[in-house]
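Novice: Quick one: structure below, then a few questions.
The values are calculated or read from the model by the stated rules, or taken from the named source; none is laboratory data. Because the structure is a prediction, the values reported are computed rather than measured. FYI the Cβ positions are ideal-geometry reconstructions off the backbone, even for glycines, and counts take in every protein chain you see.
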Amino acid sequence: MLKEKVMKRVVYAAAVAAFGVGAAFAAEPDGVTNRTIGYVLTDYDFATYQTPDGKAECPDGYNDGPRERFERFFPKDGAKGPLVNAQIAREGAIWGPTMEDEPFAFKFVQGKVAIGLNLDGKAGPNDFVSPEGEKGIDNQLFRALGCVVNRRAPNGSLTNFVTIFMQRYNYNRVLLEITDVDSLVNDDDVTLTTYRGQDGLMIDAAGKFLPGGSNRADHKWGKKFITSFKGRIKDGVLTTDPVPHWYMPAKYTFQDVTTRHFRDARFRLNLTPDRATGLLAGYTDVENWYRQIIRSLSTHHLSYGEEYAPPLYRALNHLADAHPDESGRNTAISSALEMNFVRVYITHPERPVALNEGSPASDTVREAAVRR
């Protein structure tokens, strides 16, 4: 495999020398320039497998939201005390959750099928099977979220909120740049690097996302989001090796700026010259995940889809399956994001500009590059 890779590079270099750069680029795969192709994220969601009626995964129905549970604790006749004090106490429980159970049981996913990846290389009794039949799928976050209305289409509102904010705010721009690409079908050695972009998405008159355009990678303020993955492409599917930490920008309601934190993260993406679709899977930090939703979305927005935070916090901690702390308590939960990308030309403004010494504008461009 390695010898074949080296031979490809020798042939590529020979083509440049014999026919010029333009001819060599023309021989590259569609969408690939300088053995590089870029994509920009257009939408994503935590992977939630659903049957049409929900009975397979949620035979006992769905969980109550903040408003529904409040009415069960405190009937409207006020028989159990002043509502004002009760409301303050319930809101306080969201920001200071405990592991003490409430009288109403949380409803976990009961089904055996989930979307995700095998993160630990094992097939244990608590693991799922993918819709395609792959065993050992690790996605315990789905077990917690799958019976929450907010996380289910078409009634869940959270997916729409996240998509709108992700597309509206340039802070949320996630770029993928794949380098050392000899083929988008089969290539045993490529590198995928993530960046935070700085520009908007390109759409047509109907609001559909278009491949093409450009986006600037943020090398100054977005260093936290720059991560490289080693990977390979087989039959048009890119699979990367895991990395210890991956951070994803997340700016939501009221422009709160947060990040998502994944451990042992890896990609599996179907690639075409214009689009990439697939999964980012890893172990999500429980505290980061919980604080991110209550800070960015608040009880008000979570109420739209009957998502109540305190019991969900307990569910996340109960299901956490990786990265124990000093006491032995797991701090991260297996999860997967379904992601869609379109092709984009990624520029690196902070890098020195390649100059032709004979160009009349070379001095001016060089001075601008040095100033930048």
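Novice: Take the stretch 211-234 and flag every residue that is surrounded by fewer than 14 Cβ atoms within 10 Å (Cβ to Cβ), touching an Asp or Glu at 6+ places or on another chain (Cβ under 9 Å) and over 16 Å from residue 37 (Cβ atoms).
Specialist: Matches in the stretch 211-234: 220, 230, 234.
Novice: Ok, one more. Which of the following residues is over 16 Å from residue 158 (Cβ atoms), outside any helix (DSSP H, G or I) and modelled with pLDDT of 95 or more: 342, 353? It would help to see each step written out before you state the result.
Specialist: Numbers: 353 fails: modelled with pLDDT of 95 or more.
Only one candidate passes the filter, namely 342.
Novice: Would you be able to tell me the number of residues in the stretch 121-167 that are surrounded by fewer than 17 Cβ atoms within 10 Å (Cβ to Cβ) and without any contact (Cβ under 8 Å) to a residue 24 or more places away in the chain?
Specialist: The qualifying residues number 13.
Novice: Can you find a residue that is assigned to a loop (DSSP other than H, G, I, E, B) and either outside the structural domain of residue 231 (by TED's automatic domain parsing) or of a type in the set (D, E, K, R) (or both) anywhere in the stretch 183-194?
Specialist: Looking for residues that are assigned to a loop (DSSP other than H, G, I, E, B) and either outside the structural domain of residue 231 (by TED's automatic domain parsing) or of a type in the set (D, E, K, R) (or both), one finds none in the stretch 183-194, hence no.
Novice: Of the numbered conditions (1) farther than 23 Å from residue 42 by Cβ; (2) in a strand (DSSP E or B), residue 266 satisfies every one except a single condition; which is it?
Specialist: All conditions are met except number (1).
Novice: Quick check on the stretch 265-277: of everything there that is surrounded by fewer than 20 Cβ atoms within 10 Å (Cβ to Cβ) and not polar (S, T, N, Q), which residue is nearest to the chain's Cα centre (by Cα)?
Specialist: Restricting attention to the stretch 265-277, the residues satisfying the condition of being surrounded by fewer than 20 Cβ atoms within 10 Å (Cβ to Cβ) are 268, 270, 272-275, 277.
Subsequent filtering for residues that are not polar (S, T, N, Q) retains 268, 273-275.
Working: 268: 12, 273: 21, 274: 19, 275: 16 Å.
Looking at the filtered set, the residue picked out is 268.
Novice: Let me ask something else about it. Go through 280, 302 for me and flag whichever is surrounded by 21 or more Cβ atoms within 10 Å (Cβ to Cβ), modelled with pLDDT under 90 and either more than 16 Å from the chain's Cα centre (by Cα) or in a strand (DSSP E or B) (or both).
Specialist: Values: 280 fails: modelled with pLDDT under 90.
The unique qualifying residue is 302.
Novice: Now for a separate question. Looking only at the stretch 216-252, count every residue that is touching a helix residue (DSSP H, G or I) at 6+ places or on another chain (Cβ under 9 Å) and more than 26 Å from residue 332 (Cβ to Cβ) and tell me the total.
Specialist: Selection size over the stretch 216-252: 1.
Novice: On to the next question. When you look at residue 173, is it in contact (Cβ under 8 Å) with a residue 24 or more places away in the chain and either in contact with a Leu (Cβ under 8 Å, 6 or more places away or on another chain) or not assigned by TED's automatic domain parsing to the domain that holds residue 224 (or both), yes or no? Break it down into steps so the answer makes sense when it comes.
Specialist: Working: in contact (Cβ under 8 Å) with a residue 24 or more places away in the chain: yes; either in contact with a Leu (Cβ under 8 Å, 6 or more places away or on another chain) or not assigned by TED's automatic domain parsing to the domain that holds residue 224 (or both): yes.
Criteria met by residue 173.
Novice: Also, quick follow-up: Need pairs with beta-carbon distance below 8 Å; first residue closer than 16 Å to residue 107 by Cβ and within the stretch 55-74, second surrounded by fewer than 18 Cβ atoms within 10 Å (Cβ to Cβ) and modelled with pLDDT under 65; sequence gap 6+ or separate chains.
Specialist: 64/72
Novice: Sticking with this one: If I filter the stretch 249-277 down to residues being of a type in the set (A, V, I, L, M) and modelled with pLDDT of 95 or more, which single residue comes out as nearest to residue 202 (Cα to Cα)?
Specialist: Step one: filter the stretch 249-277 for residues of a type in the set (A, V, I, L, M), giving 250, 257, 265, 269, 271, 276.
Add one more test, that the residue is modelled with pLDDT of 95 or more, and what stays is 265, 269, 271, 276.
Numbers: 265: 28, 269: 21, 271: 19, 276: 16 Å.
Once the filter is applied, the top-ranked residue is 276.
Novice: Further question on the same structure: Go through the stretch 89-133 and give me each residue that's basic (Lys, Arg) and not in a loop (DSSP other than H, G, I, E, B). Let's see the steps before the verdict.
Specialist: So in the stretch 89-133, the residues basic (Lys, Arg) come out as 90, 107, 112, 122.
Selection gives 90 alone.
Novice: From the list 116, 96, exactly one residue is within 21 Å of residue 271 (Cβ to Cβ), in the same structural domain as residue 334 (by TED's automatic domain parsing) and at pLDDT 55 or above. Which is it?
Specialist: Values: 96 fails: within 21 Å of residue 271 (Cβ to Cβ).
Only one candidate qualifies: 116.
Novice: Right, another one. Mind checking which residues of the stretch 168-210 are charged (D, E, K, R), within 13 Å of residue 250 (Cα to Cα) and either in contact with a helix residue (DSSP H, G or I) (Cβ under 7 Å, 6 or more places away or on another chain) or crowded, with 18+ Cβ neighbours inside 10 Å (or both)? Working first, answer last.
Specialist: First, the residues of the stretch 168-210 that are charged (D, E, K, R): 168, 173, 177, 180, 182, 187-189, 196, 199, 204, 208.
When the remaining residues are screened for being within 13 Å of residue 250 (Cα to Cα), the result is 168, 173, 196.
173, 196 - these are the residues of the stretch 168-210 that are charged (D, E, K, R), within 13 Å of residue 250 (Cα to Cα) and either in contact with a helix residue (DSSP H, G or I) (Cβ under 7 Å, 6 or more places away or on another chain) or crowded, with 18+ Cβ neighbours inside 10 Å (or both).
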